[in-house]
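Here the structure is laid out as structure tokens; the discussion comes afterwards.
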Amino acid sequence: MENEDNLSDEFRVHVAVPSKPNPILKKLIVFKVYKRRWFILFVLCLLNCSNSMLWLTFAPVADQSAQFMGVTLDQINWLSIIYMVVAIPLSFGTTWMLDTLGLRITLVLGSWLNMLGAVLRFVGVLGRLVSAAKFPVVMGGQTLCALAQPLVIFTPTKLTALWFPEHQRATANMIASMSNPLGILVASIFSPMIVGTTNNIPSLLFIYAVPAVIICFLATVGIRDSAPPTPPSASAESSNSEPFLEGIKLLLRNKAYMILLLCFGSGIAVFTCFSTLLEQIMCVRGYPNDFAGLCGGLFVVFGIVGAGFLGLYVDKTKKFIEATKVNMSLSALACIAFSVVSQMWNQGIALAVVCSLFGFFGFSIYPVAMELSVECSYPVGEATSAGLIFISGQIQSVIYILLLQGLTKPMADSPFSTCSAGGDAALSWRVPVLVMAGLCSAFTCCFVIFFHTEYRRLDAEAQASGEKPTLTTCDTR
């Protein structure tokens, strides 16, 4: 056991050693946490935020972007869809990379891809390029950013498992996961504010590229280790206990996990559709881009607030299943309300309230569901269990967006429309948003009725500690 007199900034709890501890975890009686975990979490949050900003840069200003690059709205939507298309095949490699090569290599590589993509996007809209080359170059930069997304978005569960003690995992996961919608918030509010007219598209891409460069420097220089010298919890030592392919096989045979994979993946797809198509849905009914950006901002702000409350609640009570089921049900009701209110004119206040509630109940599920995926699949690696759910969400997102776009119909008369892309006829989104609400409701019902599981990781830690508190210390390194 480590000499306790040499530890600083710590707290101690005496442990009763179980007579028959778990053979995998029996050697872990003293656990230690390091202050540098907060810096790694900070860099991950910045990277996650920057990547989501780059993802949805064009969605709030789809009309102006289409005019500036001389393309259609469908092509502009592909600047968002490319994230999902690229992530699907790359995600399997990312889960292997996190569980095999480690956290540091994954984060540094993700930060470089994110930075190079952001810079290439800016180069693509400079005046020196001919008009026909602008969109392909921007799409190339967006593709590099898309390559970075799974490297970043799979990381929170792995980071919290390796660096944080049991009583901080859900909160740390919430902080890291909610940095992604924070980037969506920035894009939703600042893209319309910066652009105004099509001539400001280059300024927009330059402003979004600067943080990506700074974050790349912080990740490359500041993150030195993939894991701490000693584990913070009983389960951290066995974080990679199952080989990658064997872990995949175990997940595919896990009924509870497969239900979570399909149902929560559908939830991710619904929120992706909402974030990507919000401006196009609202402009048909006379709502300007600034108001659509405000609604997107409220959606994210209230989502972060809800996630904060829910993360603290779950860290204290460990009621992952109950919290997820209740919030999924309430978010489905909010989605139904949005599908109705968004098709009405002059309902700005009601629309803002519905978007706020949709975010409050919906976004808050994400970090808790990611922790739940680890609990129901332990001892499979965290990156593998969380990564497959993300892949499911990306596949369903592509399907949903293409489906919803295909269900739109040109409107013969749209006197209140503020849409301005290429002079094309405004599109009716009445049927697509109703279909989106129906899909959200159907998968929510399936999850509430059929999902049941044990908390395997918590049970393993309780068994390792003999149902007694474990010793956790804090190192200043």
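The values are calculated or read from the model by the stated rules, or taken from the named source; none is laboratory data. Everything numeric in this text was worked out from a predicted model, so none of it was measured. Glycine also receives a Cβ, built like all others from the backbone with ideal geometry; neighbour counts cover every protein chain displayed. Remember, those area values only see protein heavy atoms, side chains included, never the ligands or the DNA or RNA. Shrake-Rupley method; radii C 1.70, N 1.55, O 1.52, S 1.80 Å.
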Legend entry - Complete set of residues in segment 22-42 that are surrounded by 18 or more Cβ atoms within 10 Å (Cβ to Cβ) and at pLDDT 90 or above: Ile40, Leu41
Inset, instruction - Report yes if some residue within segment 409-431 is at pLDDT 90 or above, in a helix (DSSP H, G or I), open to solvent by 60 Å² or more (accessible area, probe 1.4 Å) and on the phi < 0 side of the Ramachandran plot; otherwise report no. - result: yes
Inset, instruction - Considering only segment 64-88, state which residues are surrounded by fewer than 22 Cβ atoms within 10 Å (Cβ to Cβ), of a type in the set (S, T, N, Q) and under 16 Å from Gly124 (Cα atoms). - result: Gln67, Gln75
Legend entry - Within segment 232-258, tally of residues that are at pLDDT 75 or above and out of contact with any strand residue (DSSP E or B) (no Cβ under 6 Å at 6 or more places or on another chain): 14
Legend entry - Boolean, Thr94 is surrounded by 21 or more Cβ atoms within 10 Å (Cβ to Cβ) and farther than 30 Å from Met282 by Cβ: yes
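Can you tell me which residue in segment 335-367 is nearest to the chain's Cα centre (by Cα), limited to those that are open to solvent by 10 Å² or more (accessible area, probe 1.4 Å) and under 30 Å from Ile248 (Cβ atoms)? Steps first, answer last, please.
So the first thing to find is which residues in segment 335-367 are open to solvent by 10 Å² or more (accessible area, probe 1.4 Å), and the list is 336-337, 340-341, 343-350, 352-354, 356-357, 360-361, 363, 366.
When the remaining residues are screened for being under 30 Å from Ile248 (Cβ atoms), the result is 363, 366.
Values: Phe363: 9, Tyr366: 7 Å.
Going through the qualifying residues, I end up with Tyr366.
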Legend entry - Where Phe135 falls short, out of the listed (1) more than 22 Å from the chain's Cα centre (by Cα); (2) over 16 Å from Ser65 (Cα atoms); (3) buried (at least 19 other Cβ atoms within 10 Å of the Cβ): (2)
Inset, instruction - Go through Leu298, Leu312 for me and flag whichever is crowded, with 21+ Cβ neighbours inside 10 Å and within 19 Å of the chain's Cα centre (by Cα). - result: Leu298
Inset, instruction - Kindly indicate the residue of segment 88-126 that is closer than 15 Å to Asp225 by Cα and among the charged types (D, E, K, R) and also modelled with the lowest pLDDT among those meeting that condition. - result: Asp99
Inset, instruction - Considering (1) modelled with pLDDT of 85 or more; (2) under 23 Å from Gly387 (Cβ atoms); (3) not hydroxyl-bearing (Ser, Thr, Tyr), say which one Asn180 fails and leave the rest. - result: (1)
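Could you list, in sequence order, all residues of segment 319-332 that are open to solvent by 40 Å² or more (accessible area, probe 1.4 Å) and touching a residue at least 12 places away in the same chain (Cβ under 8 Å)? Step through it out loud before you land on a result.
If we filter segment 319-332 for residues that are open to solvent by 40 Å² or more (accessible area, probe 1.4 Å), which is where we start, we get 319, 322, 326, 329-330.
Passing the criteria: Ser329, Leu330.
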Inset, instruction - Please give the number of the condition Ala209 fails out of (1) surrounded by 19 or more Cβ atoms within 10 Å (Cβ to Cβ); (2) modelled with pLDDT under 90. - result: (2)
Legend entry - Sole exception among (1) touching a helix residue (DSSP H, G or I) at 6+ places or on another chain (Cβ under 6 Å); (2) at pLDDT below 85 for Val270, by number: (2)
Legend entry - Any chance Pro192 is outside any helix (DSSP H, G or I) and open to solvent by less than 60 Å² (accessible area, probe 1.4 Å): no
Inset, instruction - Any residue in segment 86-99 that's farther than 20 Å from Gly141 by Cα and touching a residue at least 12 places away in the same chain (Cβ under 8 Å): show its pairings with residues that are part of a helix (DSSP H, G or I) and open to solvent by 10 Å² or more (accessible area, probe 1.4 Å) at Cβ separation under 6 Å, as long as the two are six or more apart or on different chains. - result: Trp96/Phe244; Asp99/Phe244
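Would it be correct to say that Ile281 is closer than 22 Å to Leu107 by Cα, among the β-branched types (Val, Ile, Thr) and buried (at least 22 other Cβ atoms within 10 Å of the Cβ)? Lay out the reasoning, then the answer.
Working: closer than 22 Å to Leu107 by Cα: no; among the β-branched types (Val, Ile, Thr): yes; buried (at least 22 other Cβ atoms within 10 Å of the Cβ): yes.
For Ile281, the condition - closer than 22 Å to Leu107 by Cα, among the β-branched types (Val, Ile, Thr) and buried (at least 22 other Cβ atoms within 10 Å of the Cβ) - is not met.
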